[in-house]
Amino acid sequence: MATGGSCVPVHEWVSLEDPDEDRTWIFDVTFLTSTWTCVYGRGCQGVLTEPAPELLQGCCSYGAHFVDDDDVRRVEEAAESLGDAEWQFRDRALRNGITRTTKKGETMTRLVDGACIFLNRAGFSTGPGCALHHAALATGRRPLDLKPDVCWQLPLRREDQVADDGHVTSTVAQWDRRHWGAGGQEFAWWCTEEPHAFVGTKPVYEELSDELTAIAGTKVQRALRAYLEDRRRAGVPLPHPAVRRRS
């Protein structure tokens, strides 16, 4: 099915029933079959109010929101495994910890010099980028095993709605500006709406297979992949709005 309105870009969607839970999954076919890819360090403009590719901050300028205590504990344990050669701001973390609490009571990663404490800057021995991400790749682990939930899920977002009878509807789609709150509308650039981020060599559902499995479970991820591959063989899914604008 395709949905949209006069002001809302049209996407194609599919719903799948969970074989083990009282849950319906709804997936954004348009995004998952697109060639979006992370262009960090390759044209990413960052998420500030002005384009700032030279800062190499990507989406790390404001720190990461933790979803729960388990998320915090997992990242704290991962941080303890990093050495000085892997993490530029390890000394700051040893002094002050990795978390901060906002005025709203939200737990986030601490900021250092205008960006997340885990963001190694240009000129550091590992090169710029998330220390947790670099460490995972260097040791044969998955970035999603070390990074905060919100970080490894981006640009995917899962939203759950619980009906009065307890049935859950879980929607998995792209992360939009609105998901950042009011400040998202002030970004000079956001990757899921920019044509030059849709330059990958594989569809999103292949490139982010591990992430989709972590979000929805193995059975649902396999059913989704089978559907999307059949859908592509049957004809071209609805192209992403960013690609349609480029064309």
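Here are the numbers for the structure shown:
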item	result
Beta bridge orientation in the chain: antiparallel %, DSSP, nearest 5	80
Net length gained if the chain between R110 and H65 were fully extended (0.36 nm per residue, minus Cα distance)	15.2 nm
For the stretch 230-247 and the stretch 46-87, distance of Cα centres in Å	33
Dipole of the chain [Lys/Arg +1, Asp/Glu -1 at C-beta], most positive-end residue of P53, V220, C38	P53
Where the Cα pairs of the stretch 54-108 fall when distances are cut into 5 Å bins, in %	4, 16, 23, 25, 22, 8, 2
Environment charge of L55, counting only residues whose C-beta is closer than 11 Å and scoring Lys/Arg +1, Asp/Glu -1	-2
Kirkwood Rh (inverse of mean 1/r, distinct Cα pairs), the stretch 61-147, angstrom	13.0
Positive dipole terminus of the chain, leading residue within P9, T169, V29 (C-beta point charges)	P9
Dipole in debye (nearest 20) - the chain, about Cα centre, beta carbon charges: Lys, Arg +1; Asp, Glu -1	840
Relative contact order [Cα under 8 Å, 6+ residues apart], the stretch 61-147, whole percent	31
For the chain, calculated [θ]222 nm from helices alone, where every DSSP H run of n ≥ 4 adds -39500 (n - 2.57)	-7500 deg cm²/dmol
Within a Gaussian network of the chain (alpha carbon springs, distance under 10 Å), most fluctuating of E206, E21, E76	E21
Ranked list, fewest to most other Cβ atoms within 10 Å of each Cβ, for I117, I215, I26	I26, I215, I117
Listed residues H65, H167, H11, most fluctuating in the chain (Gaussian network, C-alpha, under 10 Å)	H167
Unit Cα scatterers, Debye sum, the stretch 1-124: log10 I(q)/I(0) for q = 0.22 Å⁻¹	-1.19
Point-to-point label distance, R178-R158, nm (Cα→Cβ direction, 7 Å offset)	2.2
Size of electric dipole in the stretch 61-147: Cβ of Lys, Arg +1 and of Asp, Glu -1, about Cα centre, debye, nearest 20	280
Projected-area mean, the chain, by convex hull of Cα positions, square nanometres	15.1
Extended-chain gain in nm, criterion 0.36 nm per residue less alpha-carbon gap, H167 and D84	25.1 nm
Spin-label zone in the stretch 75-89 - amide nitrogen under 20 Å from a point set 7 Å from the Cα of R121 along the C-beta vector	83-89
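Read-outs: derived from the displayed coordinates by stated rules, not from any lab. All values reported here derive from a predicted model rather than from experimental measurement. Using ideal geometry, Cβ is built from the backbone for each residue, glycine included, and neighbour counts are taken over all protein chains shown.
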